[in-house]
Amino acid sequence: MRSTKWMVLALLVLSLSAAAQTPASLAQNQQTAPAASPATAQAQTALAPPSTMDQVVDRTIMRERELIKFLAPRTPIVETYLQNLTQDPQLGPIPQSDHYFLGRMDLSDSIDRSDYLSEKSGKNKDQDDGMEKRLLGGFTKMFKFQYQPLGFSWMIYADRNDFDRQHYEFHYARREFLGDVRCLVFDITPKKDAGRGRFLGRIWVEDQDFNIVRLNGTYAHPSRNTYYFHMDSWRLNLVPGYWVPAYIYSEEGDFTAGAKNKIAFKAQTRMWGYNLKTGTPNDELTSIRVDSVKDDTPSTQDASPLAAEREWQQQAEDNVMERLERAGLLAPEGDVDKILQTVVNNLLITNNIELPRPVRTRVLTTSPLETFSVGNTIIVSRGLIDVLPDEGSLAMVLSHELAHVVLGHNLGSQYAFNDRMLFSDEGTFANLGFKHIPEEETAADKKAIEMLKASPYAQKLETAGLFLKALQVRAPQLTALLQAHLGNSITENGTVTRMAQLATSAPALDWNKLDQIAALPLGGRVKLNPWDDKVEMVKAQPVAITSARDKMPFEVTPFFPRLSRYNSANVPSGNATAGTTAAIAAPAPTN
């Protein structure tokens, strides 16, 4: 019995000493231990933690293959927003034009993509034309550059097919924390005869299960006629055991003196909808028995014509919400909705407005700046909430759609017919639309300003006007960001038309006035969970602005999420409403 205890203790000491080795000791062991074959490494790592850098690399390769297999049956939504840049003497690189792509990726045998936007619909048909077309696009023989949306979304993996020792050299660099996660950092270089389009850069591997959590670099190519973008790709631990690709930032261009840019841009790619559920009647059969109960209250009688009309509108409204959420374009109900709802209620109460049905608010998951209403539901895009500088500006946005509701400009009743919901997700924008006629838009602006002046936001409308002025400055260059796909656009032909009266009474826009924050960069407010599509307000400390170049209104910026391992903290917090003032009325952008 005593000898058994000593044996257990000895095994425990050995396992602890192996697990406690530092990167330096692992690197030293790497020099003396022979490289293990992938099959041997898998057998070893299944039994014990890696004890050499070779084993760490083998475990990382194995985990990457397991991730590819895990994601193969999934078809997440992918959104890429890109801004071409030009140099401004005062503000530095600023947007010159922009592009927007939204589609769904098929992550099965080979990454494919279908687009939601009709002008870019259809799957990529260049699967056999090599990495140049499948990956990142590039210069043709005529040196004409073309952006390919599939290229940005491809960068979720270093190398889908050949991420192994036969094609790459792995060089340990250091240990580093990314948020709460301790990582081992490796520099990756393709071997001499590895072939075209191989990853060249750095990976961060978390030190618990040895999953890749970040990729930073580009793709090597021997041809001078092809240009591969640089990228910084991040993953989040949203399900046990797997780190799911979530964000990709890409940037090109050199704005130092004398530099001549063939291309200059910044691009953000977001992925979500990994766990979209498409339930069918065969998913579950449940026997439900309801005992008959006689109810003689008036509400049980037949509906009057007006009541029937409202029920019909409610049915259409519910059908649209369900269909948009199923397509991954509408976030599930959550705490951000409560923040929006609070502002709407403030407008209703202070204007003594009573409606027969409650007004609801929801968040569209996409980046373009748009709002629309379906019946009594007001929908605001994530991108629009992102760039609004304060609560007064949010009230301005919501008041316009609330005015449509108050004035009875109800849209969407035709969607009470369920057959009109039977279309593919990619056909959403082609089959749904909620645009008002110009006369209704003008009336809604007038009613909205009336409500704002009687509300708690009456003294906060200067910032709302400044937001519109900043938007007007950028509008000619940001046509893709301002293109509404379901509702009315905020601008027409490069001119801001929505709530334009507020801009005329706002102070002058002055980029050099550092305390004047007219608009925020994209990503400044709302965080979208890529797995379950829930949204929450970004919890970040405001950053001091030291120059006009720090403001970056409506601009694309890099991603730097705080990484953490899967636990209850990954679920959006349940008390976002209490932080309304801090989240919406912050005086500076939270980059």
* Column: log10 I(q)/I(0), Debye, Cα scatterers of the stretch 397-449, q = 0.28, 0.29 Å⁻¹ -> -1.01, -1.05
* Structure fact -> Interchain or sequence-distant (5+) residues whose placed amide H lies within less than 5 Å of the amide H of ASP115 are ARG104, GLY122
* Asked: Hey, if we sort TYR219, TYR172 by accessible area with the 1.4 Å probe, largest down, what's the order?
  -> TYR172, TYR219
* Just subtract the alpha-carbon distance of ASN493 and ASP187 from 0.36 nm times their residue separation and send over the number in nm, one decimal. => 105.4 nm
* Applying 1/(1 + (r/R0)^6) with R0 = 25 Å to the Cβ-Cβ distance of GLU333 and ASN275, what FRET efficiency is obtained, to the nearest 0.05? -> 0.90
* To do: Tell me the label-point distance for the pair LEU514, ASP302, using the 7 Å Cα-to-Cβ offset, in nm and rounded to one decimal.
  => 7.2 nm
* Find how much the distance from GLN90 to SER110 grows on full extension, using 0.36 nm per residue of separation minus their present alpha carbon separation; answer in nm with one decimal. => 2.7 nm
* Structure fact -> In nm, the gap between the two label points placed 7 Å beyond Cα toward Cβ at ARG175 and GLN414 is 6.3 nm
* In a solvent-free Debye calculation with one equal scatterer on each Cα, what is log10 I(q)/I(0) for the stretch 352-395 at q = 0.17 Å⁻¹, listed in the order of the q values? -> -0.53
* To do: Pop the C-beta distance of ALA259 and SER97 into the FRET formula with R0 = 25 Å and round what comes out to the nearest 0.05.
  => 0.80
* **Residues with amide H under 5 Å from that of THR377, placed H, sequence gap 5 or more** => ARG360
* For the stretch 308-383, compute Rh as the Kirkwood radius over C-alpha pairs and then the Stokes-Einstein diffusion coefficient at 20 °C and 1.002 mPa s; write the answer in µm²/s, rounded to an integer. => 163 µm²/s
* **Portion, in percent, of the accessible area of the stretch 360-508 that falls on carbon or sulfur, probe 1.4 Å** => 50 percent
* Amide H of GLU492: which non-local residues (sequence gap of 5 or more, or other chain) have their own amide H closer than 5 Å, using H built in the peptide plane? -> THR497
* Just the accessible area per residue of the stretch 425-465, please: how many Å² with a 1.4 Å probe? -> 50 Å²
* Greater than 32 Å apart at Cα, pairs in LYS262/LYS539; LYS262/LYS435; LYS446/LYS534; LYS338/LYS435 -> LYS262/LYS539; LYS262/LYS435; LYS446/LYS534
* Structure fact -> Note, the stretch 321-330: 3J(HN,Hα) by Karplus (6.51, -1.76, 1.60, θ = phi - 60°), whole Hz, Gly/Pro = x, goes 4, 5, 6, 5, 5, 5, 7, x, 9, 10
* To do: Evaluate E = 1/(1 + (r/R0)^6) for ARG202 and ASP318, where r is the Cβ-Cβ distance and R0 equals 60 Å; express this FRET efficiency to the nearest 0.05.
  => 0.80
* In whole Å, largest first, what are the principal axis extents of the Cα atoms in the stretch 366-472? => 47, 28, 22
* **Karplus-derived 3J(HN,Hα), 6.51/-1.76/1.60, for each residue of the stretch 501-518, Hz, glycine and proline x** => 4, 5, 5, 5, 9, 7, x, 5, 7, 10, 4, 7, 7, 5, 8, 9, 9, 8
* Asked: Once you sort the root eigenvalues of the Cα gyration tensor of the stretch 297-446 as a ≥ b ≥ c, which label holds: rounded (a/c under 1.5), prolate (a/b larger than b/c) or oblate (the other case)?
  -> oblate
* Structure fact -> HN-Hα couplings for the stretch 228-237 via Karplus (6.51, -1.76, 1.60; θ = phi - 60°), in whole Hz with x for Gly/Pro, come out as 9, 6, 7, 8, 10, 10, 10, 10, 10, 8
* Asked: How about LYS192: which aspartates and glutamates have a C-alpha closer than 13 Å to its C-alpha, ignoring those fewer than 8 places off in the same chain?
  -> GLU169
* **Rounded accessible area per residue of the stretch 345-385, 1.4 Å, Å²** => 28 Å²
* **18 Å reach of a label modelled at ASP162, 7 Å along Cα-to-Cβ, counting backbone N of the stretch 192-215** => 192-201
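The values are calculated or read from the model by the stated rules, or taken from the named source; none is laboratory data. This one's a predicted model, so the numbers in the text were calculated from it and none came from an experiment. Positions of Cβ are generated from backbone atoms using ideal geometry, with glycine treated the same way; all protein chains shown enter the neighbour counts. Protein only, heavy atoms only, side chains kept; ligands, DNA and RNA dropped before computing areas. Shrake-Rupley method; radii C 1.70, N 1.55, O 1.52, S 1.80 Å.
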